[in-house]
Amino acid sequence: MRIIVGISGASGVVLGLELLKALKEHPVETHLLISEGARITFQYETEAIQDDVITLADHYYDMNDLAAPISSGSFPIDGMVIIPCSMKTLSAIAHGYADNLMVRAADVCLKENRRVVLVPRETPLGKVHLKNMLEAADNGCAIIPPMLTFYNSPHSLQDQIDHLIGKILMQFGLEHGAFKPWPGKKESDG
């Protein structure tokens with residue numbers, strides 16, 4: 001399996017890092033893109049060094065390399081995750097404005113009927129954000145905002161992140177060992 005991971009400049013770049021770590025546990029070839037905004041956000045939000053993030057991927061591309069293999073539908077890929085997905089990137093994908101490799105790769109995945117998962121990170125959401133999410137969903141994207149989950153009895157931020165990563169991996173038929181699915185109604189709840 002081949003998956004493109006895009007990390008855009010929204011807050012929450014650690015989510016992209018955690019997805020790359022989780023994908024290492026599967027036979028998945030990863031193709032990584034990091035936007036300039038994400039490079040800056042990594043410095044503000046994490047202690048991660050960009051080169052260490054890049055080494056988690058099998059392939060890394062410059063955002064301006066529109067001749068990269070992932071820019072063509074003839075390159076076999078199973079799908080793409082943009083995590084976090086900035087509102088700028090979301091808008092570009094929703095409206096087909098492929099001015100960089102991240103948006104071009106998403107556009108290619110959509111035209112080839114491949115899975116595209118967007119993890120939009122913004123709050124509160126304005127009407128234009130919601131309209132763009134709807135447009136992206138109508139175009140074939142799965143929208144998985146990093147929302148808090150409580151049925152899995154989380155005790156830490158890492159528990160919340162693991163749940164989100166599990167939800168994303170499910171989109172590709174993959175499992176995440178730290179994911180706690182809904183256990184169903186207990187007999188005593190009846």
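Counting only DSSP H runs of at least 4 residues, each contributing -39500 (n - 2.57), and dividing by the residue count of the chain, the helix-based mean residue ellipticity at 222 nm comes to -11500 deg cm²/dmol.
In percent, rounded to a whole number, the relative contact order of the chain is 21, using alpha-carbon pairs under 8 Å and six or more apart. Using only Cα atoms, find the angle between the long axis of helix 127-138 and the longest principal axis of the chain, and express it within 0 to 90 degrees, rounded to the nearest 10. Between helix and principal axis, roughly 80 degrees.
Arrange the peptides 54-63, 157-166 so that the one whose residues have, on average, the most other Cβ atoms within 10 Å appears first. Before the final figure, lay out each step's value.
Details: 54-63: 16.3, 157-166: 18.5.
In descending order of packing, they fall as 157-166, 54-63.
The simple Förster model, with R0 at 22 Å and r as the Cβ-Cβ distance, assigns F75 and T123 a FRET efficiency of 0.05.
Classify segment 114-190 from the C-alpha gyration tensor, please: rounded if a/c falls under 1.5, else prolate or oblate depending on whether a/b exceeds b/c. Kindly include the intermediate steps, with their values, before the conclusion.
Working: a/c = 1.94, a/b = 1.67, b/c = 1.16.
Prolate shape, in that a/c is at least 1.5 and a/b is the bigger ratio.
Can you tell me which of 147-154, 173-180 comes out highest on packing, and rank the rest after it, using the mean Cβ neighbours within 10 Å?
Working: 147-154: 11.9, 173-180: 14.8.
Descending packing order for the listed peptides: 173-180, 147-154.
The angle between the Cα long axis of helix 101-111 and the longest principal axis of the Cα atoms of the chain comes to about 70 degrees, rounded to the nearest 10. Kirkwood Rh over Cα pairs of segment 5-146 into Stokes-Einstein at 4 °C, 1.567 mPa s: D in µm²/s? It comes out at roughly 87 µm²/s.
Among the listed pairs K24/K185; K127/K185; K24/K167; K24/K131, those whose Cα-Cα separation exceeds 28 Å are K24/K185; K127/K185; K24/K131.
Readers should treat all values here as calculations from the given coordinates under stated rules, not as data from a laboratory. Note that the structure is predicted; figures quoted are calculated from it, not measured. Using ideal geometry, Cβ is built from the backbone for each residue, glycine included, and neighbour counts are taken over all protein chains shown.
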